[in-house]
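J.: Take a look at this one; I'll ask things after.
The values are calculated or read from the model by the stated rules, or taken from the named source; none is laboratory data. Remember, predicted model here, so these are calculated numbers, not experimental data. Cβ placement follows ideal geometry from the backbone for every residue including glycine, while neighbour counts extend to all protein chains displayed. Please note that ligands, DNA and RNA were not included when accessible areas were found on the heavy atoms of the full protein model with its side chains. Shrake-Rupley method; radii C 1.70, N 1.55, O 1.52, S 1.80 Å.
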Amino acid sequence: MSIFGLHLTQIGSGDFLLDPSRSLNVRDMDRLIEEVTAHLMQVRAVRLYYDLSDLGLIDPLYYSWLDALARAAHIVNVEMICIRMQPTAAFALARFIEGPPAFKTALEIQDWQN
Amino acid sequence: MTTKKALSEKVKALFALKVEGIASQLEAPGVAMFCGSNRLMDIDEVSDISHELESLVASLLDSKDPTDISSAEMLALKAFFHNLSQKVLMRGGHVEDVVRYTQTVQFALIEALEKSSGVAFGQSRSVLLYFTGIFNELIMAAFGAYLDEREQTLQAQQAELRETSTPITEIWDGVLTLPIIGTLDSSRTMLVMEALLNRISKDHARAVVMDLTGVKSIDSQVSHHLMQMVRAVQLMGADAIVTGIHPEIARALVSLNIDFNTITTRANMADGLKEAFRRMGVTVGHI
């Protein structure tokens, strides 16, 4: 399933991989969250893996999108796990967030599943 | 810089002189400075530099304006002394050797020019002033090489110190240890963080044991840096386990209102490693 700027793929029973593309407009987060959560509910998702491998930097705006999506996913009983965060992105993000994020993190999908 | 001023007769004679065949007379200062007990060069090498110096001095005196210290000929002469200084320093010599050589070769050059031309350049104040100006520039070039060398050595030592003071070791598949020794300031935290995050990514580490046994004091800024480091490790998807927190640091963290609830801590490195292994499903025991 594709939402403009996002590609959602089922990778196992209840597990979904969300792959953002360069065209993702996080300023339109309300609409995006509605569409993603609607789809997650429809397919009875349990876990949502958000792939950050192409993101060299996470700024406050992008973080607020991730935070909002994780909170929305939690409300519909879906756990969001950000995977493959780049060292540069972690470095930048750690400097401005005050507490633990709303999402979980893992190096790879299998690291979380283990 | 070009100086337009009236030249004395002897300076004019100097600039009109065709310099050749004086290299052997320039060898004595080189032999005295570099071929003594310090054995920085052999006689053949001193002979080579004397010939090169003769050729460079000849080019300078023959140039359009021999008083121009930014001319190509003067720059070539400065480069010669810069390289000579570098060579001497690399061989364990001192910058003083090059400075003394530069001073004595100046007098040897004037004497050689006197002999070859029959003009008493040594008696001319203008000629002496001209050579003093030129050779002061050359001494500066020799010192420049010394300062460059010192700067490079300092930078190399600092880089080595940084690397050895934060050794990141993969103690088990997927388990990294980072003993932190000394003070964590902003620049060091950034370097450690960068190195640690890159290692987590490269080694696919799942747990990092950060040992603070070597940290004797902590303030608000340092604790903030520490929290940033732990958070960055967690964001990468690895577990951060902080060990070896001294009682006085624990007290300081409490008084600084630092929330350690989201951070796993253990008393010492051994307990930290046990916890890391437990999380990875690895059991270590006596055989």
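J.: Using mean Cβ contacts within 10 Å as the protection proxy, how do A:94-104, B:103-113, B:224-234 order, highest first?
T.: So the order, starting with the most tightly packed, is B:224-234, B:103-113, A:94-104.
J.: Oh, and also: With a 1.4 Å probe and every protein chain kept in, tell me what percent of the accessible surface of segment B:9-160 is carbon plus sulfur.
T.: Carbon plus sulfur share of accessible area: 51 percent.
J.: Quantify how strongly other chains surround peptide B:234-244 by giving the mean number of their Cβ atoms within 10 Å of each of its Cβ atoms.
T.: What the average comes to for B:234-244 is 5.
J.: Per residue, how much accessible area does chain B have with a 1.4 Å probe, in Å²?
T.: On a per-residue basis, 53 Å².
J.: Given a 1.4 Å probe, how much area per residue of segment A:2-113 is accessible, in Å²?
T.: Roughly 51 Å² per residue, with all protein chains present.
J.: Oh, and also: Measure out, as a whole number of angstrom, how far apart the alpha-carbon centroids of segment B:19-63 and segment B:183-207 sit.
T.: If you average the Cα positions of each part, the centres end up 53 Å apart.
J.: With a 1.4 Å probe and all protein chains in place, put A:ILE11, B:ILE168 in order of accessible area, largest first.
T.: Ranking A:ILE11, B:ILE168 by accessible area, largest first, yields A:ILE11, B:ILE168.
J.: Over all residues in B:192-205, what is the mean tally of Cβ atoms on other chains that come within 10 Å of each residue's Cβ?
T.: If you average over the peptide's residues, the count of other-chain Cβ atoms is 3.
J.: Normalising by the residue count of segment A:3-114, find the relative contact order in percent from Cα pairs under 8 Å and 6+ residues apart.
T.: Relative contact order comes out at 24 percent.
J.: Which of B:PRO179, B:ASN257, B:ILE110 sits closest to the plus end of the dipole of the protein assembly as shown, meaning its Cα is farthest towards the positive end, when Lys and Arg get +1 and Asp and Glu get -1 on the C-beta?
T.: Among B:PRO179, B:ASN257, B:ILE110, the one farthest towards the positive end of the dipole of the protein assembly as shown is B:ASN257.
J.: Follow-up. What is the mean number of Cβ atoms from other protein chains located within 10 Å of the Cβ atom of each residue in peptide A:83-90, rounded to a whole number?
T.: Counting other chains' Cβ atoms within 10 Å and averaging over A:83-90 gives 6.
J.: For the pairing of chain A with chain B, what total accessible surface becomes buried, with a 1.4 angstrom probe, in square angstrom to the nearest 100?
T.: About 1600 Å² of accessible surface is lost on pairing.
J.: Distance from the Cα centre of segment B:238-287 to that of segment A:46-68, in angstrom?
T.: What the calculation gives is 28 Å, centre to centre.
J.: If you don't mind, another one. Taking the simple approach of a point 7 Å from Cα along Cα-to-Cβ for both B:ASP219 and B:SER8, what is their distance in nm?
T.: 6.2
J.: Counting only protein heavy atoms and a 1.4 Å probe, tell me what percentage of segment B:169-279's accessible area is made up of carbon and sulfur.
T.: In segment B:169-279, the share of accessible area belonging to carbon and sulfur is 52 percent.
J.: Got a sec to turn the phi values of segment A:49-59 into Karplus ³J(HN,Hα) couplings, 6.51 cos²θ - 1.76 cosθ + 1.60 with θ = phi - 60°, whole Hz, x for Gly and Pro?
T.: Here the 3J(HN,Hα) series is 8, 9, 7, 9, 4, 8, 9, x, 8, 10, 9 Hz.
J.: Could you let me know the centre-to-centre spacing of segment B:116-154 and segment B:66-113, using Cα atoms, in angstrom?
T.: What the calculation gives is 6 Å, centre to centre.
J.: Sequence gap of 8 or more, or different chains, plus Cα separation below 26 Å: how many lysine pairs satisfy both in chain B?
T.: Lysine pair count for chain B: 23.
J.: Here is a follow-up. Heavy atoms only, probe 1.4 Å: what % of the accessible area of segment A:2-113 goes to carbon and sulfur, would you let me know?
T.: 50
J.: Tabulate in residue order the Karplus-calculated ³J(HN,Hα) for segment A:93-108, using 6.51 cos²θ - 1.76 cosθ + 1.60 with θ = phi - 60°, rounded to whole Hz; enter x for Gly and Pro.
T.: Here the 3J(HN,Hα) series is 5, 4, 7, 10, 7, 8, x, x, x, 6, 9, 8, 10, 8, 5, 9 Hz.
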